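The values are calculated or read from the model by the stated rules, or taken from the named source; none is laboratory data. Here the structure is a predicted model, which means the values were calculated and not measured. Counting neighbours? That spans all protein chains shown, and the Cβs are built from the backbone with ideal geometry, glycine included. What goes into the accessible areas is simple: the full protein's heavy atoms, side chains included, and nothing from ligands, DNA or RNA. Shrake-Rupley method; radii C 1.70, N 1.55, O 1.52, S 1.80 Å.
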Amino acid sequence: METTAKSNTRIVAIVVMFFIYAMISFVTNLAAPIGTIWGYQFEGNSVLGMMGNMMNFLAYLFMGIPAGNMLVRIGYKKTALWALAVGVIGLFVQFLSSIVGTDTVVTTFSSTNAEGVATSFPITLNFFIYLLGAFICGFCVCMLNTVVNPMLNLLGGGGNKGNQLLQFGGALNSLSGTLTPLFVGVLIGVLSKQTQIGAVNPLLFLGIGIFAVAFVILCFVSIPEPNMSKSGQKVQYLHSPWNFRHTVLGVIGIFFYVGIEIGIPGTLNFYLADQSANGAGVQGQASAIAGAIVAVYWLFMLIGRTLSGMISGSVSSRAQLIAVSTTAIILIILAIFIPKTTTFPVPEFLYEGGARVPVSAFLLILCGLCTSIMWGGIFNLAVEGLGKYTAQASGIFMMMVVGGGVMPLIQNAIAKSSGYMASYWLVVAMLAYLLYYGLIGSKNVNTDIPVDEETPDARNL
């Protein structure tokens, strides 16, 4: 009877973590498609358009380590509850940006486009309110990520089984990520300077409702607390995750990986929505077409994570990371060199109207199959052998998710000066590092550090 009760508790905990994983993607993936609204208002300035995405991920830099400390001090459940409450606030502030400060000019931004033509445009108060909301939402998803990743890894018992749960959770994350840009693209429709942030308010209200319901449900769910010893006392820590080489290199890998995952579809969204730049037949409702194409990237991530979840019990995280890093490098290099005038028709089920997009766009969205397994694989490899230091390491990892804001911003700056496709050389360089990590850097060379004293076995919770 006791074994059955423990098993039921574990299953409920896994289901809750899966649901949280999906919510993370919903909030995160609002930023890039909403950014096309701001970018269009700012004379096609994609760097300003990506600022919401940047603020979302910048929050990780400030909240990562505190979130890890929250796991140790107040536990997984209370940390998740705080995160959900913060998420409601962040989405509400973004909603306020559609009704407050829309006519209040704060500053004027001047820039020179690729043709050398100087432009200037006003930046209103509501843009900064939106950035504040995106920053607050970043706190939310950082805290949720800090909770869900180590918990799923521990509930799976680490190793291949831990990675398997991470991949299945990631599959739900990708499902949510697939739907979000698609819904935003449909709500925006024909993108113009008259398109306002209020066009996506229905999704903001949906997110607020989901967070509120999840908060109530989580209040009544029992979540295992692996940072408490069997005697009920706090576990003692004599070292830190920074003492493990494979963890430190994995932290760098996470920084680059999130930049890759967000940068590939984010820049592609701007490329396809920018009718004047792509020159490849994307006309009319370019934003809706871009949203549909980018949604396929997240759909491929869903497929990839589902397949990885099926094989991760027998195929190591290291082998998967090496294979997908190599494949992604090949796909992106091909995308860079294939002329943008080489196009293919958009499938009717995505967009009716006979639109065509560059073949390079198809190669880039195929990368979703590759990036799909990277997060879980890197996290699994980097925390392997950490034992009781896993929670602290999770906070450090979340801090470095700021790479999802920094690297796409750099990529879009490159795109603005050198062209969209040239910016993907930055992605190739980051993928090369992940290939190195899979081949060499992921080996644990610090096995002499004791990590298991008074640490409960998550599989027996």
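Structure values in brief
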{"read-out": "Those residues of the stretch 408-420 which are open to solvent by less than 60 Å² (accessible area, probe 1.4 Å) and at pLDDT 90 or above, in sequence order", "value": "411, 414"}
{"read-out": "Elements of type helices (runs of 4 or more DSSP H) in the stretch 301-392, at least 3 residues being in contact with a helix residue (DSSP H, G or I) (Cβ under 9 Å, 6 or more places away or on another chain), open to solvent by 10 Å² or more (accessible area, probe 1.4 Å) and farther than 30 Å from residue 146 by Cβ", "value": "317-337, 359-371"}
{"read-out": "Number of the condition not met by residue 56 [criteria: (1) in contact with a Cys (Cβ under 7 Å, 6 or more places away or on another chain); (2) over 18 Å from residue 402 (Cβ atoms)]", "value": "(2)"}
{"read-out": "Any pair with Cβ under 9 angstrom, 6 or more apart, that starts in the stretch 87-111 at a residue that is free of Cβ contacts under 8 Å to residues at least 12 places away in the same chain and ends at one that is assigned to a strand (DSSP E or B)", "value": "110/118; 110/119; 110/120; 110/121"}
{"read-out": "The stretch 149-207: number of residues that are of a type outside the set (A, V, I, L, M), modelled with pLDDT of 75 or more, open to solvent by 30 Å² or more (accessible area, probe 1.4 Å) and within 19 Å of residue 31 (Cβ to Cβ)", "value": "2"}
{"read-out": "Only listed residue being aliphatic (A, V, I, L, M), modelled with pLDDT under 85, farther than 19 Å from residue 153 by Cα and more than 18 Å from the chain's Cα centre (by Cα), chosen from 402, 346", "value": "346"}
{"read-out": "Only one of 262, 252 that is modelled with pLDDT of 85 or more, out of contact with any Pro (no Cβ under 8 Å at 6 or more places or on another chain), surrounded by 14 or more Cβ atoms within 10 Å (Cβ to Cβ) and of a type in the set (Val, Ile, Thr)", "value": "252"}
{"read-out": "Those residues of the stretch 430-461 which are open to solvent by 60 Å² or more (accessible area, probe 1.4 Å), modelled with pLDDT of 90 or more and among the hydrophobic types (A, V, I, L, M, F, W, C), in sequence order", "value": "439, 440"}
